[in-house]
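What follows is a short report on a single structure.
Please treat every number below as a calculation from the coordinates, not as lab data. On a predicted model such as this, the values are computed, not experimentally measured, just so you know. A quick note on method: Cβ atoms are made from the backbone with ideal geometry, for glycine too, and the neighbour counts reach across all protein chains shown.
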């Protein structure tokens, strides 16, 4: 079983078909296609900044390997390790990009395939099981400043002198 995250627009209401039409399901875990194709996978998914970052990372790896005078086998191992990192983090970069574009994670579904995940997500969406995401309250946990001046790490011990 694999976990899939459902990404919808911020203003999508639970139960409405319009919001679900533009939804994206992102599988969690290692991405073999991102491992094999690198920046092309990111460009295919329209993740422009991530594709640019991966391309810069691969070019920098090749340049540093050449400057360090690595033999071809060591360069291959280093490149495979970088591609392994790309395959591991591809879905996280995809989730980050969707959240940055105003499509945060609204639900997580456990399924064996993408089709099953789509069916489960749609059923939960139309049944109203997915709780609406509350709007963030700015500065909710901030308390007011203390009235006394505190210098150092222990302001209560300053007054006992």
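Each listed q (0.17 Å⁻¹) maps to a log10 I(q)/I(0) for region 34-98, found by the Debye formula over equal Cα scatterers with no solvent: -0.57.
Multiplying each eigenvalue of the alpha-carbon gyration tensor of region 1-68 by 5 and taking the square root yields semi-axes of 34, 14, 9 Å, largest first, rounded to whole angstroms. Each peptide among 110-117, 4-11 gets the average number of other Cβ atoms lying within 10 Å of its residues, and from highest to lowest they stand as 4-11, 110-117. Over region 85-125, the alpha carbon radius of gyration divided by the compact-protein estimate 2.2 N^0.38 Å works out to 1.33. Computed over region 1-139, the percent of Cα pairs more than 23 Å apart is 45.
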